[in-house]
Amino acid sequence: MEVATPVKGTVTQRAIGQIKQMIADGALEPGQRLPTERDLAARLGLSRSSMREAIRALTVLGVLEARHGSGIYVTRLEAGDLLETFGLVAEISPKAALVELLEVRRILESAATAQAAARIDEEQLATVAGHLAAMHETSDAEDFITADMAFHGAIARAAGNDVLAAIIERLSSRTFRARVQRGHEDADAFAQAREDHGRIYRALQARDPEAARSAAAAHVRVVEEWLRSQLD
């Protein structure tokens, strides 16, 4: 196994960097068991305590996983798992940061919706339609948010890019959406949201990427502008 080039920083940071480099270089592959803590520390020229801290940090980030009685393994390295901490940022951010996160979501979700319009198949479109129907059938905020998230999740997956879908999902986590929705859930807001989602669905149905992009951007912008008004 080739030893990764040391990186600058604390000893633990160097250990983290070297393990990540080994994964990036293919010396450690998804699903592979790491050498023992003692062996890995010796190979990389680091103390066992620093290696232990590095492994713990990479486990928290979803890069490594501990299997009881078996050892430490590289995870599948799927985008959804690695972006868990990104979703946490969205959930706990103050309002000023939420505005910036909504800007990011508007940019990404409009692009994903445009791409979905070009790629969506009939089965995927039917799934989106089902979630839209669920939004029309409920007046309960929790049920509405569940259907809303499922609607956007189905569209993001139809775009055909797993990384993009994972990022959008983390930006649209239940806590994040609920925090915004709680202050925005009067009858007019629900009616506006249903209208917005209907416009997005019709653009998908027409296989019109530009109309889909515009409709998705306008939908997120409504909440973005409302949140800005709360800051003012």
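For the reader, a short list of remarks on this structure follows.
- Inter-centroid distance (Cα atoms) of the range 67-89 relative to the range 114-129, Å: 30
- Computed extension length for Asp188-Lys95: 31.3 nm, one decimal, from 0.36 nm per residue of separation with the Cα-Cα distance subtracted.
- The range 101-143: C-alpha gyration tensor shape, a/c 1.5 cut-off, then a/b vs b/c: oblate
- Per residue of the chain, the DSSP helices (runs of n ≥ 4 H) give a summed -39500 (n - 2.57) that works out to -23500 deg cm²/dmol at 222 nm.
- For the range 7-58, the list of trypsin sites (Lys or Arg not before Pro) that fall in a loop by DSSP and count at most 15 other C-beta atoms within 10 angstrom reads Lys8.
- Under the Karplus curve 6.51 cos²θ - 1.76 cosθ + 1.60, θ = phi - 60°, whole-Hz ³J(HN,Hα) for the range 127-142, x wherever Gly or Pro sits: 5, 4, 4, x, 5, 5, 4, 4, 5, 6, 8, 10, 10, 7, 4, 5
- Within the accessible area of the chain (1.4 Å probe), percent carbon and sulfur: 51
- Efficiency of FRET between Ala206 and Glu84 - r from beta-carbon atoms, R0 30 angstrom, step 0.05: 0.25
- Rounded to the nearest Hz, the phi-derived 3J(HN,Hα) couplings of the range 75-86 under the Karplus curve 6.51 cos²θ - 1.76 cosθ + 1.60 (θ = phi - 60°) are 6, 5, 6, 7, 4, x, 6, 6, 9, 4, 5, 5, where x marks glycine and proline.
- Heavy-atom accessible area per residue - the range 130-232, 1.4 Å, Å²: 48
- Percent of C-alpha pairs per 10 Å bin, the range 86-232, short to long: 12, 45, 36, 6, 0
- ³J(HN,Hα) computed for each position of the range 52-62 - Karplus, 6.51 cos²θ - 1.76 cosθ + 1.60, integer Hz, glycine/proline x: 4, 5, 5, 5, 4, 5, 6, 6, 4, 7, x
- The label point for Ala66 and the one for Asp140, both projected 7 Å from the Cα toward the Cβ, are 3.9 nm apart.
- Charge dipole magnitude, Cβ of K and R +1, D and E -1 - the chain, Cα centre, debye nearest 20: 1100
- Mean separation of Cα contacts under 8 Å (6+ apart) over length of the chain, as relative contact order %: 21
The values are calculated or read from the model by the stated rules, or taken from the named source; none is laboratory data. Small disclaimer: the values here were computed from a predicted structure and weren't measured. We place every Cβ from the backbone using ideal geometry, glycine too, and count neighbours over all the protein chains shown. We work out accessible area using only protein heavy atoms, side chains counted, and drop any ligands, DNA or RNA first. Shrake-Rupley method; radii C 1.70, N 1.55, O 1.52, S 1.80 Å.
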